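Quick one: the structure is below, and I'll ask about it shortly.
Here, each number is a calculation from the coordinates, and none is a lab measurement. Bear in mind that the values here come from a model prediction, so they are computed numbers and not experimental data. Positions of Cβ are generated from backbone atoms using ideal geometry, with glycine treated the same way; all protein chains shown enter the neighbour counts.
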Amino acid sequence: MPIKESWLKAADFTDTNTNPYPTRQSKEIVHARRDAIIAIEDTVLEMARFGKKLVNHGLTGSRFGNISVLAEDGILITRTGAMLDEIDESQVVLVDRDKTCDMDRIASCETPVHRAVYSKTDARAVIHTHSPYAVALSLIEGIVTPIDSEGATFLGSMPVVDGGFGSDALASSVSDALVEHKACVARGHGVFAKGFDLRDAYITASMAEHSSKVRYLVVWGKR
C-alpha cells in the first residue's frame, strides 16, 4: 500500500470533507496530518534523488543497498528489492522507530540495522551501499583508514564489523561503530553511512568509497 494511502487509512480523525460540522480540533488534526503526508512525499523525492546519485556514481548497484530517513512518526526506508535508481512512493515504507512492526515484512532486510543506528546515535539519515573498493578492503583489513587528505580530515577511520544480513549481530556492531564514526564497513558486504540529513549521509558514503579506492590502489594495488 502506498505511503499516502496507509497514512490516511491509519489516521484517526474526522475528515472535514465528510463531516458537515467539523470542530476546530478536527480541522487542526486534518491539517497536521496532511502537512505530515506532504513532508513524507518530499522526503521520498529526496530519497529518489540520492538513490540515483548512488547508482550513477558507482557507489552501489541498482539492486543493492538501502536508504532510510528518520521521520516524525517512524522511519522511512526503501522496500526489500527496491531499485535505488527507480525509487518512488511505492518503493518506500514507513516502519516503527523503536520496535518491529507489520511493515517490516516488506521493508529492507536491513531495517533492524537502521533502527539500531537511530536508537544509538544522533543520525537522521542512513545510507547502505555495496561499494566495491570498501568491500574489497573489508576482506583484507580490520579497519579502513583513509590516506587521502579529504578522507583523513572529514571522514576518519571506518571500522570493519561483522554480522549477517539484517541480523541482530549486524545491527549491534554497526550501531556501536557509528556512535563514534561517520561510517563503517560490514565485512564482505558494504558501507553503512550516517548523516544529519540525506545529503550529509550521501557525502559520507561517497567519501567512504573514494578513500577506500585510493587506499586499495596505493597499499594493495602494487603488490
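Evaluate the distance, in nm, between pseudo-label points positioned 7 Å from the Cα of Arg49 and of Phe154 along their respective Cα→Cβ axes.
1.8
Considering the Cα trace of the range 143-195, what is its radius of gyration and what is Dmax, both in angstroms?
11.1, 35
Now for a separate question. Tell me, what ³J(HN,Hα) does each residue in the range 81-87 have, in order and in whole Hz, if you take phi through Karplus 6.51 cos²θ - 1.76 cosθ + 1.60 with θ = phi - 60° and put x for Gly and Pro?
For the range 81-87, the Karplus-derived couplings read x, 5, 7, 5, 9, 9, 6 Hz, x marking Gly and Pro.
Right, here's the next one. How much net charge surrounds Tyr202 when only the other residues with a Cβ under 13 Å from the Cβ of Tyr202 are counted, with Lys and Arg +1 and Asp and Glu -1?
Local net charge: +3.
If all Cα-Cα distances of the range 117-223 are sorted into 10 Å bins from 0 onward, what percent lands in each bin, rounded to whole numbers?
Bins of 10 Å from zero give 17, 53, 27, 4, 0 percent of pairs.
Starting from the range 94-143, pick out the trypsin sites (Lys or Arg not before Pro) whose DSSP state is loop and whose Cβ has at most 14 other Cβ atoms within 10 Å.
Answer by residue number: Lys99.
Let me ask another. When Tyr202, Tyr118 are ordered from fewest to most other Cβ atoms inside 10 Å of their Cβ, what list results?
Least crowded to most crowded, the residues run Tyr118, Tyr202.
Near the amide H of Phe64, under 5 Å away, which other amide H atoms are found, from residues 5 or more places off or on another chain, if H is placed in the peptide plane?
Close amide H contacts, sequence-distant or interchain: Leu84.
Beyond 18 Å, what percent of the Cα pairs of the range 47-105 remain? Walk me through the numbers on the way to the answer.
Working: 548 of 1711 pairs.
In whole percent, the long-distance tail amounts to 32.
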